[in-house]
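Novice: Following this message is one structure expressed as structure tokens.
The values are calculated or read from the model by the stated rules, or taken from the named source; none is laboratory data. Not measured: the values here are computed from a predicted model. A quick note on method: Cβ atoms are made from the backbone with ideal geometry, for glycine too, and the neighbour counts reach across all protein chains shown.
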Amino acid sequence: MAFAFAGIRFTAAQAPGLSTRSVIHGDRKNGGNASLAFLKKDSFPRRILAGNSSYEPDSASTTVAASGKVLLPGGESDGLSSSTDSVGNPEVSPDDLQVLQESTGLSIKDDSKIEAGQTPISSEVMDDEIMNEGAKQSVHSQANQTIEKVEEKPRFIPPPGSGQRIYEIDPCLEDHHTHLDYRYSQYKNMRGLIDQYEGGLDAFSRGYEKFGFVRSADGITYREWAPGAKVLNWYLTGMLQHGMSAALIGDFNNWNPNADVMNRIRMDTPSGIKDSIPAWIKFSVQAPGEIPYNGIYYDPPEEEKYVFQHPQPKAPKSLRIYESHVGMSSPGSYKQEPKINTYVSFRDDVLPRIKRLGYNAVQIMAIQEHSYYASFGYHVTNFFAPSSRFGTPDELKSLIDRAHELSLLVLMDIVHSHASNNVLDGLNQFDGTDTHYFHSGSRGYHWMWDSRLFNYGSWEVLRFLLSNARWWLEEYKFDGFRFDGVTSMMYTHHGLQVAFTGNYNEYFGYATDVDAMVYLMLVNDMIHGLYPEAVTIGEDVSGMPTFCIPLQDGGVGFDYRLHMAIADKWIELLKLNDEHWKMGDIVHTLTNRRWSEKCVAYAESHDQALVGDKTIAFWLMDKDMYDFMALDRPSTPRIDRGIALHKMIRLITMGLGGEGYLNFMGNEFGHPEWIDFPRGDQHLPGGVVIPGNNNSFDKCRRMFDLVSLKDDLVYYCIILFVADYLVTNDQIIAERVKSKEVTKHYNL
């Protein structure tokens, strides 16, 4: 069902610290639904929907046919397309991809004069029913108004190739050519459909220019895809018009859908009346004392918007990644109160540290908004919104710009493998159905992660995720992504309770989710075509062949695979006495990777730093770290041996493990404690209570001050070894580049 709110005009309203933003609050009455609201004003001049069936060319109009079809104000064609499938069958069919052409019905009349500084706003929700007439139109982009010094690069997504070179690279794939050829044909078919009905991947991946809140010369338009929404009343200025699907309500009218001005999306869904945060919302916050998040229309005045000053650096020959989390990067000493750190503090205090250590890229976790802090950012609720815990969108932009000034790439840990199970402020049951963005039933639920799984065969899901990846590259100037949980995406068993042995039958069969594989190919296609310098890294533990082979050759298209087996090997060895370690076994694990497919190696990441596990430093030195790390006091054999092994483990991992190297924040100097997010007691059925940590931030930080005490503690000696190696390696690479001795796959 489609609906549109046309011509509501708002004067500029400023919230403290939020510039010109509007608040989208969760509905408390409906058990955790969320909704949209603008900042309260005493009066809002507006246009009113009138029951006049004649078309008035001089006024902006919203046209409504008997079936409830709606166009934008003015009756203009906006080129917007939407999914055409039924709720129960969201797969794409070429015959279904159609857009509204006809228009008849109601017009809009002026209720009052439009005053200076006021902005018209319209709202539209798309449903499959309105997509059954006419022909599919391409999505037209709007020019990016951000003024920057970054040179515009040619943007061209090449057509698919033959996809046959993979058999030259790996002859063992010949036995599975039927599966691989089918996979590539599905990718080519989807590329063809997108070209035919959307004008190409370039246009298709700019859904953020049409969906959600979009400002244009004509005002602000709000659109959503909500196929499950049933017919509901359409409220404007207390006037009731039947045949529509939603109402805008908000703070300033006490959440009353019959009040003067509506600014919140309320849908009548199969599961009841539901108020939702828009799926494409660009910013959301958690009000003090509340659990659900509230959506924000973030649109500060032009003079307050951050303008990028520095060009994006080119991808280095050898990636050295500093994996980080803004919130837990606070200085964190025993003399300071633990807290959630900010984008600004990370920009000013942590980025220079990363540069001095010799890293050339920073990978930032937990950027996408997530209502559950302890999820490490992996239970995303608002995919287009940067986490407000750490600051504003413009402050994040300033962080990224500062990193570019330091010649650091900024990689985002992006989550497209699953979504938060939250109904209150996430995508789950957004339109009241189980099948909106996700598969239905057990296929749409990850039992280990307690999260929802996307339906990658849905046209609108493809639009949403492709646009999401592009949004972060375009709006925030990220330099690439680490795609989380790719193994879960590629297989219907999600890699759970499956031991991958390397047998090719494990990769190419009925357990492979071809729809997900096609999405991964499309997103790499879009990224590398439109942003040639961008880097994509996939978190895959299965060892999927062709993962890092270019799309033209029949591969999935990632630049790097995370070499996850290395960290597992080190944990396995650390459970043994080190005199029993076998160097041949270690070297085999470090070098066991597919020819011509690049890997990012790491000895440990954030996974090993979480409570319940141990960092390498803790495995090696354990409780001795608390009492024997001072330089002016006697050490112990465990400390001496542990520090030596800590250095050697990193040295051999960097030297043999892959074409890139990654370290998690704090592990470079042997951070003495684990990560434990603030949490309360958890009460389980049957009266079982899992004790929390009294919601303490004490273990959710990195104590960088331990390194600053270089004359007092051994931590400085540990970090100095790795930093010296990285800087020396930089010098070696520079010399070999100068003498043209660097090969394509130069190892660290």
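Novice: For region 424-450: of the residues being assigned to a strand (DSSP E or B) and out of contact with any strand residue (DSSP E or B) (no Cβ under 6 Å at 6 or more places or on another chain), which is farthest from Glu224 (Cα to Cα)?
Specialist: His446
Novice: Continuing with this model, one more query. Are any residues in region 611-650 more than 16 Å from Leu574 (Cβ to Cβ) and not small (Gly, Ala, Ser), and if so, which ones?
Specialist: Listed by number, the residues that qualify are Val611, Tyr626, Asp627, Phe628, Met629, Leu631, Asp632, Arg633, Pro634, Thr636, Pro637, Asp640.
Novice: Follow-up question, since we're still on this one. Determine which member of the set Met648, Met665 is closer than 25 Å to Ile321 by Cα and surrounded by fewer than 18 Cβ atoms within 10 Å (Cβ to Cβ).
Specialist: Criteria check complete, one pass: Met648.
Novice: Could you tell me whether region 654-670 includes any residue that is modelled with pLDDT under 80 and out of contact with any Cys (no Cβ under 9 Å at 6 or more places or on another chain)?
Specialist: yes
Novice: Given the structure, is Tyr359 in the same structural domain as Ala469 (by TED's automatic domain parsing), at pLDDT 90 or above, buried (at least 18 other Cβ atoms within 10 Å of the Cβ) and out of contact with any Lys or Arg (no Cβ under 6 Å at 6 or more places or on another chain)?
Specialist: It is false that Tyr359 is in the same structural domain as Ala469 (by TED's automatic domain parsing), at pLDDT 90 or above, buried (at least 18 other Cβ atoms within 10 Å of the Cβ) and out of contact with any Lys or Arg (no Cβ under 6 Å at 6 or more places or on another chain).
Novice: Please go through region 456-479 and give me each residue that is surrounded by fewer than 23 Cβ atoms within 10 Å (Cβ to Cβ), in contact with a strand residue (DSSP E or B) (Cβ under 7 Å, 6 or more places away or on another chain) and assigned to a loop (DSSP other than H, G, I, E, B), ordered by number.
Specialist: Gly457
Novice: On the given criteria, is Asn360 over 18 Å from Glu395 (Cβ atoms) and among the polar types (S, T, N, Q)?
Specialist: yes
Novice: Which residues, taken from region 542-570, are touching a strand residue (DSSP E or B) at 6+ places or on another chain (Cβ under 8 Å) and among the β-branched types (Val, Ile, Thr)?
Specialist: Val556, Ile566
Novice: In region 666-696, how many are in a loop (DSSP other than H, G, I, E, B), among the acidic types (Asp, Glu) and closer than 24 Å to Met621 by Cα?
Specialist: The qualifying residues number 2.
Novice: Could you list, in sequence order, the residues of region 402-418 that are surrounded by fewer than 24 Cβ atoms within 10 Å (Cβ to Cβ) and either more than 16 Å from the chain's Cα centre (by Cα) or within 21 Å of Pro227 (Cβ to Cβ) (or both)?
Specialist: Matches in region 402-418: Arg402, His404, Glu405, Leu406, Ser407, Leu408.
Novice: Could you tell me whether region 654-674 includes any residue that is of a type in the set (Asp, Glu) and free of Cβ contacts under 8 Å to residues at least 24 places away in the same chain?
Specialist: No: zero hits.
Novice: Next question. Here's a check for you: in region 388-421, which residue that is without any contact (Cβ under 8 Å) to a residue 60 or more places away in the chain and part of a loop (DSSP other than H, G, I, E, B) is nearest to Tyr661 (Cα to Cα)?
Specialist: Among those residues, the one meeting the criterion is Leu406.
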